[in-house]
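Below you'll find the structure, written out as structure tokens, and then a few comments.
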Amino acid sequence: MRWLKANPKFRMIYQPVYSPWVNHVERLWQALHETIIRNHQCRSMWQLLKKVRHFMDTASPFPGGKHGLAKV
């Protein structure tokens with residue numbers, strides 16, 4: 001708690017024990033899974049990795065509290 005007092009730009013946010021719907025990282029992972037990974041038609045792992053990289057370069061979970069959508 002001393003560290004939080006010394007760094008006021010950070011604040012403690014208490015969340016339910018398991019709440020992926022409020023976790024930005026979980027929401028990003030869900031968007032990646034639904035957009036790229038699930039039912040992909042890549043012929044090689046390199047194609048899949050390229051699509052994942054493109055998604056991660058273009059999608060963000062933070063603007064407006066919603067994840068961005070990658071165009072693939």
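The values are calculated or read from the model by the stated rules, or taken from the named source; none is laboratory data. Treat the numbers as computed from the prediction; the structure is a model and nothing was measured. No Cβ is skipped: glycine too gets one built from the backbone with ideal geometry, and neighbour counts run over all protein chains shown.
Just checking, does region 58-70 include any residue being at pLDDT 80 or above and surrounded by 14 or more Cβ atoms within 10 Å (Cβ to Cβ)?
No, the conditions are met nowhere in region 58-70.
For region 20-31, name all the residues that are modelled with pLDDT of 80 or more and either over 12 Å from Ala59 (Cβ atoms) or touching an Asp or Glu at 6+ places or on another chain (Cβ under 8 Å) (or both).
Scanning region 20-31 gives a single hit, Glu26.
Within region 16-31, track down each residue that is exposed (fewer than 14 other Cβ atoms within 10 Å of the Cβ), assigned to a helix (DSSP H, G or I) and aliphatic (A, V, I, L, M).
Of everything in region 16-31, those that are exposed (fewer than 14 other Cβ atoms within 10 Å of the Cβ), assigned to a helix (DSSP H, G or I) and aliphatic (A, V, I, L, M) turn out to be Val22, Val25.
Name the residues in region 32-61 that are part of a helix (DSSP H, G or I) and either touching an Asp or Glu at 6+ places or on another chain (Cβ under 7 Å) or of a type in the set (A, V, I, L, M) (or both), would you?
Leu32, Ile36, Ile37, Met45, Leu48, Leu49, Val52, Met56
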